[in-house]
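Q: Encoded as structure tokens, here's the structure I'll be asking about.
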Amino acid sequence: MDDVRRPWRGLAHPRPRRTGVARPRGARTPPPRRLPRARGAAPHRPRRTRPPRPPARRLGLPVPPGSRPPLVQLPHTLADALRRSMSKGKEKRQKKKRQQPEASVAPQPQPDALPPIQGPARAMVIMAHPDDADFLCAGTVAKWCAEGWEVIYVVVTSGDKGTHDPAMHPEKLAAIREEEQREACRVLGVKECIFLGYPDGFTSESAELRGQIVRLLRLYRPDVVITWDAFRGTFNHRDHRNVGQATMDAIYPIVRDRLFYQHHEHEGLESHQVNEVLLAGADKPDYSVDITDYWEKKIEAILCHTSQLGGRTKEDFLRERAEREKREPGKPIEERFRRWSIRRPMRQPQAAAPAEPRPKPQRAAAG
Ligand SMILES: [Zn+2]
């Protein structure tokens, strides 16, 4: 019925103009004039059965000649009073809106606001591919190693898809990239580099990967972990996201609570607490490390990843740095992170009940 009487509904062309023919007395009030809706748009709301209270904005608008009169004609005095009161409300709302942004915007954390992480300590860098760590944080790693920190790299995949070479195959590329990463570790002074051997692009945020990371955390017992920021809201590689997520979940609370992956105790591994996590690749960093003095070391580590550089040389990096210096003279070079401090006291092991003594597990040689 509706379609017959209003064939323009749902069509793209405009509704035909009304002809101005007088309606018979008692006929239904025509619907308010609307712009034609696009095909597939949300349906019109059902017609209200009683006249609504007229909104003040309608009362305040001039009525074009020949248009439909308002549904309810208020006495002038009441209409004026309403208009005045609604206009006051509108002013108040606008004033509130003007004030709101100032009140609701929280102060953004400044990258230098957090105190530096104290060392020397032990750090573990857990990344998805060979070269991730060196592009993201080799300056920080070089600085730490120079200050006597012990740094361990964990690389979840061997980056066996990262090529456009038609003659390359995954096993060969994995071997090349693992060797490139080992060489970069030698340059930086990283103590150990561990590959978990997942195929590039096929990591998932799984209990297996989480368990492997938990085991390494319990084995090497780092104070600080650097990993990918899994929660950044922008474009990211699935391996970066999954490795970041698995690492963060491993750190809190799994590695700390002994009943997770309890079989680690059979290897003599105890629960552990990581106190500081630096999330690399974060879109809202709040912690920075000045690597100006370690920039050349970082570039040296990056240059080890020959298969990934597309022919870029040290001269290219030096030229970029010179251009930056010209643009921003004296500006320190920084690596930036989102810092996640777990400021909770380590759970103290409780004494076993005398009735059921538990043999204390032997610690494996860590590090
Ligand atoms: Zn990567």
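Any read-out appearing in this document is the output of simple, stated calculations on the displayed coordinates, not a laboratory observation. Being a predicted model, the structure only gives us computed values, none of them experimental. Please note: Cβ atoms are built from the backbone with ideal geometry, for glycine as well, and neighbour counts cover all protein chains shown.
Q: If you take the charge dipole of region 122-341 about its Cα centre, with +1 on Lys and Arg Cβ and -1 on Asp and Glu Cβ, which of Y252, A207, A146 is farthest toward its positive end?
A: Y252
Q: Give me the count of lysine pairs in region 122-341 whose alpha carbons sit under 14 angstrom apart, restricted to pairs 8 or more positions apart or on different chains.
A: Total qualifying Lys-Lys pairs in region 122-341 comes to 6.
Q: Which whole-number value in Å³ per residue fits the convex hull of the alpha carbons of region 235-283?
A: 86
Q: Sorting check: for 194-203, 237-246, 300-309, which peptide has the highest mean count of neighbouring beta carbons within 10 Å, and how do the rest follow?
A: Final packing ranking: 237-246, 300-309, 194-203.
Q: Return, for the Cα atoms of region 122-341, the radius of gyration and Dmax in Å, separated by a comma.
A: 17.4, 59
Q: Still on this structure, please answer the following. Is the shape of region 195-238 rounded, prolate or oblate, going by the alpha carbon gyration tensor and its root eigenvalues a ≥ b ≥ c, with a/c under 1.5 for rounded and a/b larger than b/c for prolate?
A: Since a/c reaches 1.5 but b/c is at least a/b, the shape of region 195-238 is classed as oblate.
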